[in-house]
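Structure first, commentary second.
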Amino acid sequence: MIYYGHQHITNEDIAAVREVLTSDFLTQGPAVARFERSVADYCGAAHAVAVTNATAALHIACQAAGLGAGDVLWTSPVTFVASANCARYCGADVDFVDIDDKTYNMSVAVLEEKLKTAKKLPKVVVPVHLAGQSCAMQRIWELSREYGFTVIEDASHAIGGSYQDNPVGSCAYSDMTVFSFHPVKIITTGEGGMVLTNRRELCEGLQLYRSHGITRDPSRMTRTADGPWYYEQIALGCNYRMTDLQAALGASQMTKLDAFVARRRYLVQRYREKLKDLPLRTPFCAPDANPSWHIYIVRLDLERVKKSKQEIFAEMKERGIMLNLHYIPVHLQPYYRELGFAEGDFPVSERYYREALTLPLYYDLTDAQQEAVVAALHEVLG
């Protein structure tokens, strides 16, 4: 079976984890700081805070931004639910900004118009770099300075990519950036996430909320310590700490990141050439973005394709190929419908959902397997 995504684990990765297993620290040891430093250095960011997953990363980023009851967060409808749920964890409201029909990322034009007419401005905006392609961050950053909101990049798909020749994660046009290390992402820690920032005060908040809201820093305590064992809980945080086992795997994976991205870009170029005669649209790449291509999304020409997506999925599976779909627009989920959202609210995202398919794309996908995917698509759609 050819899946839509898959991790690549080497003997070096296994050895790195085994080394931690025989060390003194399975968690709260030195491997986490090493992994954080490797990602921060690669991206050119000052600080990095590793956590259990990208959902946790989004949550503590919102907490560090001061998001709370009475506030509102804006994000894209075309994302995983965590990009919106992070606001709800903080007691805040959520609204959405429809996507650009070419990039499938948050439309800057729609964002700008929505800001001009909003009765309540967002405290946080979360642009989502779908498939590994950066949003138009320079303009979003300019708008954030004008309207006073915090920018948290949801770059769960985008480690290894760049925007205007800056690595995604450099926070050149944002306050914080979030990465995911789920197994189908570009690098993996099994489960894991990270927040990057260039602002020390945000980093301190992220570290605090990651670990129960507890500090051992005397400068942040309310009174003199009783002794070397002393700590204080000064905020309400969670236990979102990454283990040393995960961090060791992540640090080992980082040494292969450039190779992983190069292979993905090669496969994307092959798809572009081999799918051009089919009744579908291949991804558009913005001129100032160099995506890392976590996933490969195509859009069906529904006027020419007479089969339903259910039929296409089933027929591809019969040929040993598992497709996927990223994503069901968040505002159409029952939870968000109960909050007042409805079909028709974000028409570009809804049209995207009707047309989109995710094809297999990962480092270990061979040229021959990709040819099999292409041949199957010609059979099913031809």
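Each value in this text was obtained by applying a stated rule to the coordinates, not by laboratory testing. The structure presented is a predicted model; accordingly, all values stated were derived computationally and were not measured. Virtual Cβ from ideal backbone geometry, glycine too; neighbours counted across all protein chains shown.
Can you quote the Å³ per residue value for the convex hull of the Cα atoms in region 47-120, rounded to an integer?
On the way: hull volume 8.1 nm³, N = 74.
Looking at region 47-120, the number lands at 109 Å³ per residue.
Pick from Ser174, Ser134, Ser38: which is most flexible by mean-square fluctuation in a GNM of the chain where alpha carbon atoms under 10 Å apart are linked?
So, out of Ser174, Ser134, Ser38, the one fluctuating most is Ser38.
Springs between alpha-carbon atoms under 10 Å, Gaussian network over the chain: tell me which of Glu204, Glu19, Glu315 tops the mean-square fluctuations.
Looking only at Glu204, Glu19, Glu315, the biggest GNM fluctuation is shown by Glu19.
Average projected area of the Cα convex hull of region 1-149, in nm²?
Numbers: hull surface 48.1 nm².
Answer in nm², one decimal: 12.0.
On the principal axes of its Cα set, how long, how wide and how thick is region 140-293? Give whole Å, largest value first.
So the three principal-axis extents are 72, 43, 25 Å.
Tell me, Kirkwood radius of region 218-318 from alpha-carbon pair distances, in Å? Before the final figure, lay out the partial values.
On the way: mean 1/r = 0.0514 Å⁻¹.
After inverting the pairwise mean of 1/r, the radius is 19.4 Å.
Beyond 16 Å, what share of the Cα-Cα pairs of region 332-382 is found? Please give it as a whole percent.
Working: 780 of 1275 pairs.
Counting pairs separated by more than 16 Å, the tail of P(r) holds 61 percent.
What is the Å³ per residue value for the convex hull set by the Cα atoms of region 1-50?
Numbers: hull volume 6.4 nm³, N = 50.
Spelled out: Cα convex hull of region 1-50, divided by residues, is 128 Å³.
Given bins 10 angstrom wide, list per bin the percent of all Cα-Cα distances in region 165-228, short to long.
Once binned at 10 Å, the Cα pair distances of region 165-228 give 18, 34, 30, 14, 4, 0.
More than 38 angstrom separation, counting every C-alpha pair in the chain; what % is that? Let's see the in-between values first.
Numbers: 14424 of 72771 pairs.
Summing the P(r) of the chain above 38 Å gives 20 percent of all pairs.
Treat region 1-85 as a sphere of radius equal to its Kirkwood radius over Cα pairs and apply Stokes-Einstein at 10 °C in a medium of 1.306 mPa s; give the translational diffusion coefficient in µm²/s, rounded to a whole number. Intermediate values should be presented prior to the final figure.
On the way: Rh = 16.3 Å.
Answer, rounded: 97 µm²/s.
Go through region 80-90 residue by residue and turn each phi into a ³J(HN,Hα) via Karplus (6.51, -1.76, 1.60, θ = phi - 60°); whole Hz please, and just put x for glycine and proline.
6, 4, 4, 5, 9, 4, 4, 5, 5, 4, 8
Over all directions, how big on average is the projection of the convex hull of the alpha-carbon atoms in region 107-219, in square nanometres? Intermediate results must be reported in sequence, preceding the final value.
Details: hull surface 35.0 nm².
Here the figure is 8.8 nm², rounded to one decimal.
When N is the residue count of region 257-381, what does its C-alpha Rg come to as a fraction of 2.2 N^0.38 Å?
On the way: Rg = 15.9 Å, N = 125, 2.2 N^0.38 = 13.8 Å.
That works out to 1.15 for region 257-381.
Using +1 at the Cβ of each Lys and Arg and -1 at the Cβ of each Asp and Glu in the chain, identify which of Met316, Trp229, Gln370 lies farthest towards the dipole's positive end.
Met316
Among the lysines, which have Cα under 20 Å from the Cα of Lys114 when same-chain residues fewer than 8 positions away are ignored?
Straight-distance partners of Lys114: Lys102, Lys123.
Cα centroids of region 97-112 and region 130-165: how far apart, whole angstrom?
Centre-to-centre distance over Cα atoms comes out at 12 Å.
Would you mind pulling out the separation of the Cα centroids of region 183-258 and region 69-93, in Å?
The two parts, judged by their Cα centres, are 22 Å apart.
Per residue, what volume in Å³ does the Cα convex hull of region 72-165 take up?
Numbers: hull volume 8.5 nm³, N = 94.
Dividing the Cα hull volume of region 72-165 by its residue count gives 90 Å³.
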